[in-house]
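Report on the following structure.
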Amino acid sequence: MRRLQDQAIDYNFILSGQHKHTIQDILANFSIEHEPDFVLYDGKDITGIVQMAKWAMDIIQTYKNKKNTDIFRNDRNGIVLNHGDTFSTLLGSYLGKNHGLHSGHVESGLRSHNPFHPFPEELTRILTFRLSDYYYAPGEWAAGNLAKYSGNVINTGHNTLYDSLQYSPEVPQLQDNEPYGLISIHRFENIFSRKQLSRIVNQLTDDRQHKIKKLFILHKPTEIKLKQYGLLKVLENCPDIELRPRYDYFTFISLLKSSEFLISDGGSNQEECSYLGKPCFLMRKATERKEGLGKNVVLGQYDHQSYLDFIKNYQQYETTPLVLDQSPTDIIVDSIVEFKN
């Protein structure tokens with residue numbers, strides 16, 4: 001949207017409302033002047049499974065009630081861009097196709113080939129592939145995963161996250177000068193399992209690890225589950241861990257750039273670290289991304305010793321930041337110009 005805005009290309013901004021507060025922060029970060037043309041859901045942020053189901057049903061009902069015209073401007077020749085692997089991605093793909101529009105999937109072709117890791121994102125991607133006409137794949141490997149699907153595969157080389165990092169300014173530091181690591185845990189398969197989240201907290205608070213300060217960024221669903229399982233106090237009582245609220249994107253990236261390493265279960269965080277050359281320990285069984293693996297990213301597979309080894313030797317995983325000659329976002333924007341009214 002920022003590139004479309006910079007090039008004065010008109011677009012229809014449809015907001016799903018899945019993470020309303022997060023989206024508001026991101027729009028402010030990227031100076032997006034275009035207000036949403038249509039908001040499919042205007043309730044609270046979705047933080048639970050029951051909320052998610054109700055949110056999806058409400059959106060489909062809204063779509064049916066509006067008879068499509070208000071949402072899609074009665075357009076019959078446009079393309080609907082849907083990004084990533086969330087339920088918003090799947091719903092946007094479905095609504096666009098149902099209206100007879102072209103469906104474009106940004107960050108397409110990523111696969112773990114394990115339906116339960118990540119869950120439900122792996123299944124969401126497979127369903128989105130089937131609903132898409134244009135696949136914007138961030139590399140040869142991702143493009144290869146789309147070979148069996150009909151449609152147009154456009155290789156963007158890397159993800160648009162690379163361009164997001166280029167927009168990110170330095171912001172005032174939110175910590176003192178001592179070295180620190182960052183922690184960000186929020187995935188469904190980790191936080192909605194008491195056993196799994198307990199195992200992660202035990203790893204993070206193991207007193208055998210190298211004593212370095214770690215800032216634990218609390219996503220709201222993670223905070224809810226930590227409290228529910230009685231694990232928040234464990235983190236609060238760990239002298240090496242400092243709990244922090246969730247920050248806007250640019251502030252988090254600024255913290256990441258100044259950190260020693262990142263411990264995360266996020267695929268986007270994995271990519272960001274690979275582009276920045278930042279050591280990253282991935283708290284996951286499997287990942288749908290190849291970026292950084294075997295270089296600056298360690299796929300932990302919930303192995304405790306692997307985690308301890310990473311904390312002790314994280315400096316050996318630093319790599320040179322990536323510099324691209326061509327913007328992945330520009331490739332996408334250039335390919336959709338033909339759909340302008």
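At-a-glance table
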| read-out | value |
| --- | --- |
| Segments classed as helices (runs of 4 or more DSSP H), wholly inside region 219-269, with at least 2 members that are farther than 15 Å from Phe188 by Cα and among the aliphatic types (A, V, I, L, M) | 232-236, 249-258 |
| Residue tally, condition within 21 Å of the chain's Cα centre (by Cα), β-branched (Val, Ile, Thr) and not in a strand (DSSP E or B), over region 179-218 | 3 |
| Considering residues of region 112-128 that are surrounded by 18 or more Cβ atoms within 10 Å (Cβ to Cβ), at pLDDT 90 or above and touching a helix residue (DSSP H, G or I) at 6+ places or on another chain (Cβ under 9 Å) only, the residue farthest from Ser16 (Cα to Cα) | Ser112 |
| Criterion (of a type in the set (Val, Ile, Thr), in contact with a Leu (Cβ under 8 Å, 6 or more places away or on another chain) and either in a loop (DSSP other than H, G, I, E, B) or within 29 Å of Asp6 (Cα to Cα) (or both)) met by exactly one of Val153, Val171 | Val153 |
| Residue within region 228-237 that is polar (S, T, N, Q), surrounded by fewer than 19 Cβ atoms within 10 Å (Cβ to Cβ) and out of contact with any Leu (no Cβ under 7 Å at 6 or more places or on another chain) present | yes |
| Qualifying residue in region 230-237 (condition: of a type in the set (D, E, K, R) and within 15 Å of the chain's Cα centre (by Cα)) | no |
| Which numbered condition Ser306 misses (of (1) out of contact with any Leu (no Cβ under 6 Å at 6 or more places or on another chain); (2) assigned to a helix (DSSP H, G or I); (3) under 19 Å from Glu122 (Cα atoms)) | (3) |
| Scan of region 258-284 for residues that are of a type in the set (Phe, Trp, Tyr) and farther than 15 Å from Leu165 by Cβ, ordered by number | Phe261, Phe281 |
| Yes/no for Leu81 being modelled with pLDDT of 95 or more and among the aliphatic types (A, V, I, L, M) | yes |
| Residue list for region 317-341, filter: closer than 13 Å to Arg3 by Cβ, under 23 Å from the mean Cα position of the chain (by Cα) and without any contact (Cβ under 8 Å) to a residue 60 or more places away in the chain | none |
| Candidates Asp25, Asp45 - the one that is modelled with pLDDT under 90 and closer than 30 Å to Tyr167 by Cα | Asp45 |
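One line per residue, one yes/no per condition, for (1) in contact with a Ser or Thr (Cβ under 8 Å, 6 or more places away or on another chain); (2) at pLDDT 95 or above:
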| residue | (1), (2) |
| --- | --- |
| Glu291 | yes, yes |
| Lys295 | yes, yes |
| Val298 | yes, yes |
| His304 | no, no |
| Leu308 | no, no |
| Lys312 | no, no |
| Gln316 | no, yes |
| Val323 | no, yes |
| Ser327 | no, yes |
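The values are calculated or read from the model by the stated rules, or taken from the named source; none is laboratory data. Because the structure is predicted, anything quoted here is derived from the model rather than measured. Cβ coordinates were reconstructed from backbone atoms using ideal geometry, including for glycine residues, and neighbour counts include every protein chain displayed.
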